[in-house]
Every structure is written in structure tokens, then in C-alpha cells.
1. Please state which of the following conditions V117 fails to meet, knowing it meets all the rest: (1) aliphatic (A, V, I, L, M); (2) open to solvent by less than 60 Å² (accessible area, probe 1.4 Å); (3) farther than 19 Å from R8 by Cβ; (4) within 16 Å of the ligand (Cβ to nearest atom).
2. Under the condition of being assigned to a strand (DSSP E or B) and small (G, A, S), which residue from the range 1-60 is nearest to F80 (Cα to Cα)?
3. Check off (1) under 21 Å from D221 (Cβ atoms); (2) open to solvent by 30 Å² or more (accessible area, probe 1.4 Å); (3) over 18 Å from the mean Cα position of the chain (by Cα) for D85 and give me the number that stays unchecked.
4. Can you confirm whether the range 53-72 contains a residue that is β-branched (V, I, T) and open to solvent by 40 Å² or more (accessible area, probe 1.4 Å)?
5. Which condition does V146 not pass, out of (1) more than 16 Å from the ligand (Cβ to nearest atom); (2) more than 24 Å from T10 (Cα to Cα); (3) of a type outside the set (G, A, S), if it passes all the others?
Amino acid sequence: MSLPSSARSTWTQHRRVGEADVYSLTDGQFGLDGGAMFGNVPKVLWERRAPADHLNRIRLRINPLLIRLGGRNILVETGFWDGGDEKFETIYALDRDETLFRGLEEVGLTPDDIHTVINTHLHFDHAGRNTTLLGDPTFPNARYVVQAAELQEATHTHERNRASYIPETFQPILDAGLFDAVDGEQELLPGLSVLPVPGHNLGQQAVVLRSGGQTLVYTADMLPTLAHAPYPYITGYDLYPVTTLEHKRKYLPQWYEAGALICTPHDPDVAFAKLVEGKKGGFELVAAE
Ligand SMILES: [Zn+2]
């Protein structure tokens, strides 16, 4: 039995949010251990939401976001690292059925046209294409926005987080002086902000776009897929799961009240979602109409 296939079309999906054009791109599919993705939630509960293959892997997608606002092109996340050997790609069941670059091309852009890259964090499945395989910045005209705490974490790893970071994806950006390390919540453009959501690690940030009375949130790995909306559904990868829980309890009610469009980094099927009230309290995520 192989990995269940993703229902999402590989094509870029577009939404207008106030003054902004937002495009959900995709950099392909991969698989991770379902038990690790759902932490201490038993498989009998999570497998209804995310069927697993014979190696217990669930299907995930890599979903970067392009925001065009005020004449600026902002890329949220840069995709999955492309420099792994065959063993690496087999472990993660990497399937490049689409790439970030083809998605940009569909919108009529090249990497040179990106003004700002937002790294939610520097794990290789989120910041993997910050650099080319030759070791150059992939987006040479961009500033790369990251939390200072994340740069610190990525450059001072320990045994529990080391496998998530590949220095080739961020050291050349550091060397070229292209990182803008921010500390806490920061507005990058009118209506576009980064928002710290620690828990998965210390330096993770979400992205919040508010324009024309509408709100869109890119959740980073606080909500890796739609299935992670319930409060206790927290991944086993999270270094600080109770911190994740605190931030879900703080922000999910706010985003629900705002009727926000929700974009997750790894949902296999859905590009744009909405929060609805859960049957037993808390929230669920469903595809937005
Ligand atoms: Zn991830």
C-alpha cells in the first residue's frame, strides 16, 4: 500500500483578500510518520482524518504562499530542500508533482521578482529553497524575514532539533547579509504582519494579512494541516507542546471571530480554509467556499 494520494490540484490557487492577491503555491508532496504528526492523539482517532500507508506515513503537501500587495511580491516559505540524496527522498516519500518555481511562473514571476521572503521558521521543509544547490540565494533581490530567536536556534542546534535544520539552506543567506531578523510581532507592509507562534520551536512566526476588512492567516506549523485544528492535536515534533496549546487557545478564537481565511503549510488537499466551531468545544477547519 502506498501513500494515499493528495486530492489537491497541483495548480496554483488564487484568492483576492482586500487589496491583495494571494496565491497558494505548491512545491510537491511528502510523507511523515502519522504518529509523530499527531503527538499523543491515538491512531484510532487521527487515522480517520489522515489515512496512513504500510510505513505509517501520512500524505502531506508543501504549500508556500505568494502575496502581491502594493506592488510588492512577498513569498511566505520557500519549499522543501532539493539537495537530499536518494535515501533522504525515500524516507520522506518526496514527490515533486509540482514546484514552487512553476507556480511562480504561472503567476508571471521569476525568483528575481520576489521583494520579500518570509521564513516562518528554518526547517528544511519550509525554508528548503532559500538557496540554490550551488549555494546562492534563490531570491537575490529579496530580504529574508525571520525571527531572531529562530536564527539563534538554527545556528545553535542540539540532538532534539538538529535533523530539522540544513545549514546550506540558511548559512549563505546569513553570509550575504540578506536576513532581516525581527524580534516579535512586526508590520512589514501596511496590513501585513508577522506574529510569533512559538511551540513547534521557539522562533516560529505566523503571517497575518488584513486588507479591506478581510483577514488571512498563514499558520506555520502551529496548524500544519486542517486536521490539527482541535486543541489537543499537536505534533510530536513540537519542542514545547504546551506553548503550542497556549497559542492555539489565544489565536484560534480571534481568527474565528474575524472570519479569517486560514492557510496551512502542509494540508494535502485544501489551500484555503475557515475555522468553524467544534462539536465538543474548540474549533475545526473546513475548506473555505
Ligand atoms: Zn513543517
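1. Result: V117 fails condition (4) only.
2. Going through the range 1-60, the residues assigned to a strand (DSSP E or B) turn out to be 13-17, 20-24, 29-33, 52, 57-60.
Next, only the ones that are small (G, A, S) stay: 20, 24, 31, 52.
On the way: A20: 25, S24: 15, G31: 12, A52: 21 Å.
Going through the qualifying residues, I end up with G31.
3. Here D85 meets the rest and fails (1).
4. Keep residues of the range 53-72 that are β-branched (V, I, T), which gives 58, 62, 67.
Filter once more, so that each one left must be open to solvent by 40 Å² or more (accessible area, probe 1.4 Å): none.
For the range 53-72, residues β-branched (V, I, T) and open to solvent by 40 Å² or more (accessible area, probe 1.4 Å): absent.
5. Here V146 meets the rest and fails (1).
The values are calculated or read from the model by the stated rules, or taken from the named source; none is laboratory data. Just so we're clear, the structure is a prediction, and the values are computed from it rather than from any experiment. Heads up, the Cβs are rebuilt from the backbone with ideal geometry, glycines too, and the neighbour counts pull from every protein chain shown. Heavy atoms of the whole protein, side chains included, go into the accessibility calculation; ligands, DNA and RNA do not. Shrake-Rupley method; radii C 1.70, N 1.55, O 1.52, S 1.80 Å.
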